[in-house]
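Below is one structure, written out as structure tokens; comments come after it.
Laboratory data are not the source of any read-out in this text; all were calculated from the coordinates shown. Only a predicted model underlies this, so the values are computations on that prediction, with no experimental measurement involved. Neighbour counts run over all protein chains shown; Cβ positions are idealised from the backbone, glycine included.
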Amino acid sequence: MSPLTTTVRDTATGHVLHLAGELDFSTAGELRRVVTALALTPGRRLVLDLEGLDFCDSSGITAFIVARNHAAAAGADIALAAVPGPILRVLRVTGLDQVFSVEPGQDTQDRRAVSD
């Protein structure tokens, strides 16, 4: 089992939260605490970079929804970036790929934001 690590980086468009390890029942509370402690503002974007995520169960999916609700309450946007294949499959099966903006990866997104 890999413990969950979270790293927050501020960018010109908002916060990027990098996740690595396993997001499950024992670690989802940590993600919820980190996300809800972020000061989000209208028009800004919260990106959950999932590139380092090895595993995600239903508790993790619930934590993503908590993050979405926190962003919506603040008038901010949210996106999932660099979603690993197995997690993307779960998002598709549950229909959450229609709820979340799914981006290819943070580096691609940063380059796109600079070129806009």
Next on the checklist: Filter the range 8-24 down to the residues that are more than 17 Å from residue 52 (Cβ to Cβ) and either surrounded by fewer than 13 Cβ atoms within 10 Å (Cβ to Cβ) or under 13 Å from the mean Cα position of the chain (by Cα) (or both) and list them by number.
Outcome noted: 10, 12, 14
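What tally of residues in the range 1-12 results from selecting those that are of a type in the set (S, T, N, Q) and in a strand (DSSP E or B)? Please lay out each step first, then the result.
Pass one, the range 1-12, residues of a type in the set (S, T, N, Q): 2, 5-7, 11.
In the following step, the residues that additionally are in a strand (DSSP E or B) were identified as 5-7.
Total satisfying the criteria: 3.
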Item to check | Sole exception among (1) exposed (fewer than 14 other Cβ atoms within 10 Å of the Cβ); (2) assigned to a loop (DSSP other than H, G, I, E, B); (3) under 12 Å from the mean Cα position of the chain (by Cα) for residue 83, by number | outcome: (1)
Checklist entry - Would you say residue 67 is under 12 Å from residue 14 (Cβ atoms), in contact (Cβ under 8 Å) with a residue 24 or more places away in the chain and of a type outside the set (Ser, Thr, Tyr)? => result no
Item to check | Filtered residues of the range 13-65 (kept if over 22 Å from residue 77 (Cα atoms) and either basic (Lys, Arg) or part of a loop (DSSP other than H, G, I, E, B) (or both)) | outcome: 24, 25, 26, 27, 57
Item to check | Number of the exception - residue 27 against (1) buried (at least 21 other Cβ atoms within 10 Å of the Cβ); (2) within 25 Å of residue 98 (Cβ to Cβ); (3) more than 12 Å from the chain's Cα centre (by Cα) | outcome: (2)
